[in-house]
Amino acid sequence: MASLDLVRGFVAVGRRMSISLAAQDLCLTQSAVSKQVHALEEQLGVKLLVRGHRSISFTTEGERLFRSADGAVQQLQDVMGGIRQAGEQRPVTLSASIGMTGLWLLPRLSHVQKLHPGVDVRVSSNNQLADLRNEGIDLAIRYTTPALAPAGALRLFGETVAPVAHPSLGLKQLRSAGDVSGLCLLAFDDPQHPWLQWSDWLAAVGWADAKPQAVLHFNQYDQLIQAALAGQGVALGRLELIQPLLDEKRLARVASPAPAQASGHAYWLIQAEEAPREDVRHVAAWLAAEARQQRSGAA
């Protein structure tokens, strides 16, 4: 019976109708592939290929063998590939918004690597809602209200909003609408979240007529915070999300007549599977622990 290697070499040649291209596919020399075909022909006692000056073609027997062997080799390759993938460790894919990823997740990722060095975490950063199972996502962090949070979701932490600025601005507090006139306000262009808009905040403290010196607009919240870190203006900080920057004193709260306002939204952890595999459970537990630590530190 012909060996599998000989059949595989013949199929590779048949797929390409070229010994040189088949050799590239198999990572072998042309001579080695040619010898495989010759050896198969000798074992079967028939010619399988007609070799021209710069071309090859099937004999009747060769075409018959290729039609059968090509499908069998492909099926075998598919099965072996599936077995190989099943044996490999799958990364834990974690989905979160761009802002959540950059401001809260990334500063903490080294913690999970220290706790579980064998766990491979892949972060999928996107502001669009994803179909967890169909897109191969194991865990997702979602920003929503308690009423809209999916059943079984774990609340990580809530959200409070207050003005923040880089310490280099020397801005300790806002006492009146006049204080706003000399400031550049960093505005988040997202009308779906009015509690993050300066117009709503100013109206809430009775300064609706305040005229800032300038306004810079951003459509991504992490970009807005990067501008605040560069000392370009005052931002409405989502305090829980930027807690690492506050702890490191890279940003500072700016006192005002209104206390930090709760937005009514929170960040929730969702699992794609009710009974996830062990490494997914490790990452979920780590996220919950990080959130508890943050809540206790803020208490």
Taking His53, His116 and counting other beta carbon atoms within 10 angstrom, the fewest-first order is His53, His116
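Local charge sum around Phe218 (other residues, Cβ-Cβ under 13 Å, Lys/Arg +1, Asp/Glu -1)? Intermediate results must be reported in sequence, preceding the final value.
On the way: positive: none; negative: Asp189, Asp190, Asp222.
Computed value for this residue: -3.
Which whole-number percentage describes the relative contact order of the chain, with Cα contacts under 8 Å and a sequence gap of 6 or more?
Working: 428 pairs, mean separation 61.7, N = 299.
Relative CO of the chain lands at 21 percent.
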Expected vector for region 241-250, Karplus 3J(HN,Hα) from phi with 6.51, -1.76, 1.60 and θ = phi - 60°, integer Hz, x for Gly and Pro, equals 5, 9, 3, x, 6, 5, 4, 7, 6, 7
Everything considered on the Cα gyration tensor (a ≥ b ≥ c; rounded for a/c under 1.5, else prolate if a/b is larger than b/c, else oblate), region 141-299 must be described as prolate
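Sequence gap at least 6, Cα distance under 8 Å: using those rules, report the relative contact order of region 4-87 to the nearest whole percent.
Numbers: 71 pairs, mean separation 21.9, N = 84.
Over region 4-87, the number comes to 26 percent.
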Under a Cβ-only charge scheme (Lys and Arg +1, Asp and Glu -1), can you give me the dipole magnitude of the chain about the Cα centre, in debye to the nearest 20? 420 debye
Expected vector for region 107-113, Karplus 3J(HN,Hα) from phi with 6.51, -1.76, 1.60 and θ = phi - 60°, integer Hz, x for Gly and Pro, equals x, 10, 4, 5, 5, 5, 5
Charge context of Ala149, other residues only, Cβ under 11 angstrom, K/R +1, D/E -1: +2
FRET efficiency, 1/(1 + (r/R0)^6) with R0 25 Å, evaluated for Arg281 and Leu148 via beta carbons: 0.50
Cα-based equivalent ellipsoid of region 4-87: semi-axis lengths in Å, sorted from largest, via gyration tensor: 23, 15, 11
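In region 244-273, which trypsin sites (Lys or Arg not before Pro) fall in coil by DSSP and have 10 or fewer other Cβ atoms within 10 Å?
Numbers: sites: Lys249, Arg250, Arg253; in loops: Lys249, Arg250.
Passing sites in region 244-273 are Lys249.
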Do any trypsin sites (Lys or Arg not before Pro) in region 144-191 lie in a loop, going by DSSP, with at most 12 other beta-carbon atoms within 10 Å of their beta carbon, and if so which? Lys172, Arg175
Specify which residue in the list Gln24, Gln36, Leu48 is farthest towards the positive end of the charge dipole of region 4-87, using unit charges on the beta carbon of Lys, Arg (+1) and Asp, Glu (-1), about the Cα centre. Gln24
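If the chain between Lys47 and Ser125 were fully stretched, how many nm would it gain, using 0.36 nm times the residue separation less the Cα-Cα distance?
Numbers: separation 78, 0.36 × 78 = 28.08 nm, distance 5.66 nm.
Full extension of this stretch gives 22.4 nm more.
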Around Gln271 (Cβ within 10 Å, Cβ-to-Cβ, excluding Gln271; K/R +1, D/E -1) the net charge comes to -2
How about Lys172: which lysines have a C-alpha closer than 17 Å to its C-alpha, ignoring those fewer than 8 places off in the same chain? Lys249
So how far apart, in nm, are the two label points at Asp70 and Glu273 if each is 7 Å from Cα heading toward Cβ? 3.7 nm
To the nearest 500 deg cm²/dmol, what mean residue ellipticity at 222 nm is calculated for the chain from DSSP H runs of n ≥ 4 alone, each contributing -39,500 (n - 2.57), summed and divided by the residues? -12000 deg cm²/dmol
Spin-label point model (7 Å from Cα, Cβ direction): what's the Val205 to Gln192 distance in nm? 2.8 nm
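Bear in mind these aren't lab numbers, they're just calculated from the coordinates by the rules spelled out. Everything numeric in this text was worked out from a predicted model, so none of it was measured. Cβ: placed from backbone, ideal geometry, glycine included. Neighbour counts: every protein chain shown.
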